[in-house]
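Taking it in order: structure first as structure tokens, then the write-up.
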């Protein structure tokens, strides 16, 4: 099922923040986690993820540091900041309102 670019883009920030709330991570692992969480329905690319991470970092919601992978390659690790946790809670509340609103209208449509 194609979720459409607008929905994928709108969900990027809360998804990245929520994944980083689970713990520090790096780009490829974030992409894999999104795929796992969506049962394969969301397919992110580097070109989609990194602009989101860089924007979140510019806004102070995410911090990064360079480290080494198990193979010894340099890898950039991202973590949620205190401000990022606050933003995540705000995003959660917004998406909960959207979810509840859609649920109400769809339940009403099913009963008419």
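No lab work stands behind these numbers, since they all come straight from the coordinates. Worth saying up front: this structure is predicted, and the values here are computed from it rather than measured. Don't worry about glycine lacking a Cβ; one is built from the backbone with ideal geometry, like all the others, and counts go over all protein chains shown.
Structure notes:
- Residue 93-residue 39 pseudo-label distance in nm [points 7 Å out on the Cα-to-Cβ vector]: 3.1 nm
- Degrees separating the helix 82-110 axis from the principal Cα axis of the chain, which is the longest one: 30 degrees
- log10 of Debye I(q)/I(0), alpha-carbon scatterers only, for region 1-42 at 0.16, 0.31, 0.32 Å⁻¹: -0.39, -1.19, -1.22
- Rg followed by Dmax, in Å, when the chain is reduced to its Cα trace: 16.1, 61
- Extent along principal axes [Cα atoms of region 42-93; Å; largest to smallest]: 39, 26, 18
- Packing-based order for 73-79, 52-58, 102-108, using average beta carbon neighbours within 10 Å, highest first: 52-58, 73-79, 102-108
- Residue 46 versus residue 76: modelled label distance in nm, points set 7 Å from Cα along the beta carbon direction: 1.1 nm
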